[in-house]
Amino acid sequence: MRPITEADLTTRARIRDAAMALFAEQGVKATTIRGIAEAAKVSPGLVQHHFGSKEALRQACDEYVLSYLREQVHLGITDHNLEKPEFIENVHRTAPPLMKYLGRALVDGSPAAAAMFDELVSVTEEHLAGDDHAEVDHRARATVLTAMKLGITVLHEHVSRALGTDLYASQGVLRVGKAQLDLIRPEFLGRELFDQARTGLEKFEGHQ
């Protein structure tokens, strides 16, 4: 077996990205290997060479999106980069195709989509500013907040239409980000995390 080259990795990523776009637009059932090959400008045989089947390709897309979400949560929250405009700019540049894919995956359903939702709930629960009172149901709060935030992703076309601005364009990111912070009490997220998010949006706006 020949060694994997950089060209192989680039081709594999191009096929994956083309598949994510088509899966998000058409759904998995309506998307074909041939359609993915055409979008990626490769042969159907090369798609099968890299991924084997459409289901394996879908799984690769799921794993890629989950890995991306984990990385951004770690960079943004754990490493305290939310207030840095370069972090927001990078997310703004890289996230849209992945979030559109995630929105469709959550509607269509898949084990990986369920895992992504559950992991985001767990991360949210961990980082919420906890009320020390035992009667506070942090799991429920985290679940509802995650569902509310992902609802924007699932309904991105409707959100964009209502705003008159593409949700994933700079102005859409700013308007939705500000609105979310306006609707959430600082004490709920934790004052430090809330202030970092607010500062990051303000700096990002200043760069536009």
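The values are calculated or read from the model by the stated rules, or taken from the named source; none is laboratory data. Just so it is clear, the structure is predicted and the values come from calculations on it, not from any experiment. Backbone-built Cβ (ideal geometry, glycine too); neighbour counts: all protein chains shown. Just so you know, the surface numbers come from the protein's heavy atoms only, side chains and all, with ligands and any DNA or RNA stripped out. Shrake-Rupley method; radii C 1.70, N 1.55, O 1.52, S 1.80 Å.
If Ala179 satisfies every condition in (1) under 18 Å from the mean Cα position of the chain (by Cα); (2) farther than 23 Å from Met20 by Cα but one, which is the exception?
(1)
Inside segment 159-179, can you point out the residues that are among the β-branched types (Val, Ile, Thr), at pLDDT 90 or above and within 11 Å of Leu201 (Cα to Cα)?
Selection gives Val176 alone.
Starting from segment 30-51, keep only residues that are touching a residue at least 24 places away in the same chain (Cβ under 8 Å) and of a type in the set (S, T, N, Q), then list their pairs with residues that are in a loop (DSSP other than H, G, I, E, B) and open to solvent by 20 Å² or more (accessible area, probe 1.4 Å) whose Cβ atoms are within a distance under 9 Å, requiring at least 6 positions of separation or different chains.
Final answer for the pair search is none.
Which is in contact with a Pro (Cβ under 6 Å, 6 or more places away or on another chain) and part of a helix (DSSP H, G or I), of Ala19, Ala24, Ala37, Ala60?
Just one listed residue meets the conditions, Ala37.
Output the qualifying pairs, or none if there are none: Cβ atoms under 7 angstrom, residues six or more apart or on different chains, first residue in segment 13-28 and under 13 Å from Glu63 (Cα atoms), second residue outside any helix (DSSP H, G or I) and open to solvent by 10 Å² or more (accessible area, probe 1.4 Å).
So the pair list comes out empty.
Taking the residues in segment 133-164 that are among the hydroxyl-bearing types (Ser, Thr, Tyr) and touching a Leu at 6+ places or on another chain (Cβ under 9 Å) as candidates, determine which candidate is surrounded by the fewest Cβ atoms within 10 Å (Cβ to Cβ).
Looking at the filtered set, the residue picked out is Ser160.
Would you kindly identify the helices (runs of 4 or more DSSP H) lying entirely within segment 83-158 that contain at least 3 residues that are touching a Lys or Arg at 6+ places or on another chain (Cβ under 9 Å)?
85-108, 111-127
Among the residues of segment 170-182, is there at least one that is buried (at least 18 other Cβ atoms within 10 Å of the Cβ) and within 30 Å of Ile15 (Cβ to Cβ)?
Yes, some residue in segment 170-182 is buried (at least 18 other Cβ atoms within 10 Å of the Cβ) and within 30 Å of Ile15 (Cβ to Cβ).
For segment 28-86, name all the residues that are at pLDDT below 90, surrounded by fewer than 16 Cβ atoms within 10 Å (Cβ to Cβ) and among the β-branched types (Val, Ile, Thr).
Passing the criteria: only Thr78.
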